[in-house]
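Taking it in order: structure first as structure tokens, then the write-up.
The values are calculated or read from the model by the stated rules, or taken from the named source; none is laboratory data. Keep in mind that this is a model prediction, so the values were computed, not measured. Here the Cβ positions follow ideal geometry from the backbone for every residue, glycine too, while neighbour counts run over all protein chains shown.
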Amino acid sequence: MDRTVTNSRSFANPLHAILLAFPVALYPSALLTDITYLNTAEIQWTNFSSWLIAGADLFAGLVLAWALLGLFFGRARHSKSRSMLYLIVVAAMFGLGVLNSFQHARDGWHSVGTLGLVLSILCSILALIAAFIAYSTIAAEKRA
Amino acid sequence: MIRLAYLALPLTIALAACQVSSDPDLDQTGERPELPEQNDALVPAMEIPTPEGWGDELPTVPEGYTVSAIAQDLRIPRQTLVLPNGDILVAEGAGGKAPKLRPKDVIAGWIKKRGKSPVEGGDRITLLRDEDGDGQTDLQTTFIEGLDAPYGLAFVDGTLYVANQGNLVSFEYTEGATSIAGSGTEVTKLPAKINHHWTKAMTASPDGSKLYVGIGSNSNVGERGMDVEEDRAVIWEIDRETGASRIFASGIRNPTALAFDPWNEKLWAVVNERDELGPQLVPDYLTSVRDGAFYGWPYSYYGQNVDPRIKPARPDLVKKAIVPDYALGSHVAALGVDFTTEGGLGGRFGEGAFVGMHGSWNRADPSGYKVVFVPFRGGRPSGEPIDLLTGFLKNGHARGRPVGVTYDAARGVLYIADDVSNTVWRVAPQNAGPRSVPRGVVQVPIDTPSTSTQTGAD
């Protein structure tokens, strides 16, 4: 059976992909600085986490807006269910990220704690899932 | 995962809405304040009464007293001092250029700014003179210019001492002068790195040999790291002649005003305690300051109540922490203290300490925003604080915020600096006139009802 790929494109357009790159990089970075803070109690590491999460939240918000618009106004170039799943993942990432910002706004040792660490882990995982969905290629296949 | 997504956003909003509210039954003043459980909410309570003008109205005084504005259009008046000839000096300025270390600092700074006067700090001292003794200012003029957020003032033996946010300077004073040129002679530098809490409160020892300067912490609870807390949250004792300094007391988070009591000649301070442990933690306090004492910050509060936010913990220091004398209430932001002498303002305000309370922003129900009187007996606080000057809040707006308080013994009146309406208020017993008028006449109508109430309650 011959298969010819006639039309292959990514789920996310390039600008959208760039926006998503920030949460993908920043949430895991914050997770690392959180872990370092918990290991050292050196205050600067939690300051780093705060800024990394704030930056990640900003771009996660933009990605979320994009995902929403894409769901309602996007051309039907890919399946609705995939768009829905993507939206859910991005919304969860953004929501938990904002929560994590508040957590990291607490002072001193309470700025990370179990909650901060768990939120950083969840945000990192969600960012990676979102990236898998967004960056994998959609191949429209045509049977010859 | 789907459930998580649907929960995430409303959860954030819900968290913002559900803050721990204050328990009005909790007694947080006096020698043994009730301390609730710690609650450093995810979104700390914040309520900023924004400034509004007084119109034709005035702050509220108890019956038998009058209040009037003796200076207006000042530029962030903080502390006042009465010179031997009766002239009043007003230190004006706003310091603190602490860098924003976290996104939180940016947001909190913006929120807090809404509760402040938009006027820029004067970095100067203004002189007020009442020439004919009618209680009104006849001359309001700039006394010293070019200072750097002056706050603490002291006058010893013909010399005026001014505590800028970064150094202590002295000026030779000639009786009757209405201005002094220059920026003074530096006595000593004061700790000024970051200056998160920038105010440098000051008083002189009764014998005039030492100056005491309050140096606030560089953070709420050490969240800028303990490296920047060297020589912070301390009271310095400075030799007036040489400028040599030593730490007199430590762990005293933000000592915003200092005064010696006239009975035992002990040093007292009003101190602003830490935020974000809940609306009713930690009470600000008034305390006599013991030489060498450690008051807990940042490791513990109100004695040995450990603050878990500071790591590594220091149980060795917590063990040494002593309990302050008298709680003033949580987040009242006491910024002024002065003692009565010679009968004070009479009546219930005869013997004790006046405390100016700038007012809270870190709790949903505003506290402070008034001047209270802490009655003393035998040189110790005795009884609940009594409201002296109130009415600063109206319909959720702040018409003023009291800062420094100065008792003028020669005239038997109290001056209050207000850094939102940029005013100095004068509170006097009604019909006081000159000091020779027998004060008992004024006291009678005020004292009687309160005495009978107490008897009934007992």
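Summary of computed values
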read-out	value
Top-ranked residue of the range B:22-32 - restricted to ones that are touching a Pro at 6+ places or on another chain (Cβ under 9 Å) and either part of a loop (DSSP other than H, G, I, E, B) or closer than 18 Å to B:A398 by Cβ (or both), ranked as farthest from the other protein chains (Cβ to nearest Cβ)	B:E31
Test: residue in the range A:65-79 that is within 12 Å of another protein chain (Cβ to nearest Cβ), assigned to a helix (DSSP H, G or I), buried (at least 24 other Cβ atoms within 10 Å of the Cβ) and at pLDDT below 95	yes
Subset of the range B:189-222 that is touching a Ser or Thr at 6+ places or on another chain (Cβ under 9 Å), part of a loop (DSSP other than H, G, I, E, B) and not small (G, A, S) - its residue that is farthest from B:A257 (Cα to Cα)	B:I194
Count of residues meeting criterion [modelled with pLDDT of 95 or more, part of a loop (DSSP other than H, G, I, E, B) and not polar (S, T, N, Q)] in the range B:178-188	1
Residue count for the range B:92-107, restricted to those that are free of Cβ contacts under 8 Å to residues at least 24 places away in the same chain and hydrophobic (A, V, I, L, M, F, W, C)	2
Which numbered condition B:A333 fails, given (1) buried (at least 23 other Cβ atoms within 10 Å of the Cβ); (2) out of contact with any Lys or Arg (no Cβ under 6 Å at 6 or more places or on another chain); (3) among the hydrophobic types (A, V, I, L, M, F, W, C); (4) farther than 20 Å from B:H358 by Cα	(4)
Subset of the range B:232-274 that is among the acidic types (D, E), assigned to a loop (DSSP other than H, G, I, E, B) and touching a Leu at 6+ places or on another chain (Cβ under 9 Å) - its residue that is surrounded by the most Cβ atoms within 10 Å (Cβ to Cβ)	B:E273
Residue within the range A:98-116 that is farther than 23 Å from B:R309 by Cβ and in a helix (DSSP H, G or I) present	no
Single match in B:R246, B:R224, B:R232, B:R253 (criterion: within 14 Å of another protein chain (Cβ to nearest Cβ) and either closer than 24 Å to B:G379 by Cβ or at pLDDT 95 or above (or both))	B:R253
Among residues of the range A:41-61, those that are over 26 Å from A:L20 (Cβ atoms) and touching a helix residue (DSSP H, G or I) at 6+ places or on another chain (Cβ under 8 Å), counted	3
Single residue of B:A364, B:A293, B:A333 found to be at negative phi and at pLDDT 95 or above	B:A293
Filter pass, A:L117 being in contact with an Asp or Glu (Cβ under 6 Å, 6 or more places away or on another chain) and touching a residue at least 40 places away in the same chain (Cβ under 8 Å)	yes
Qualifying residue in the range A:38-57 (condition: free of Cβ contacts under 8 Å to residues at least 40 places away in the same chain, more than 8 Å from chain B (Cβ to nearest Cβ) and either on the phi > 0 side of the Ramachandran plot or of a type in the set (G, A, S) (or both))	yes
Pick from the range A:107-127, criterion within 7 Å of chain B (Cβ to nearest Cβ) and buried (at least 24 other Cβ atoms within 10 Å of the Cβ), ranking: farthest from B:A41 (Cα to Cα)	A:G108
Some residue of the range B:364-372 being over 19 Å from the mean Cα position of the chain (by Cα) and of a type in the set (D, E)	yes
Among (1) crowded, with 20+ Cβ neighbours inside 10 Å; (2) away from chain B (no Cβ under 14 Å); (3) at pLDDT 95 or above - the single one A:A134 does not satisfy	(3)
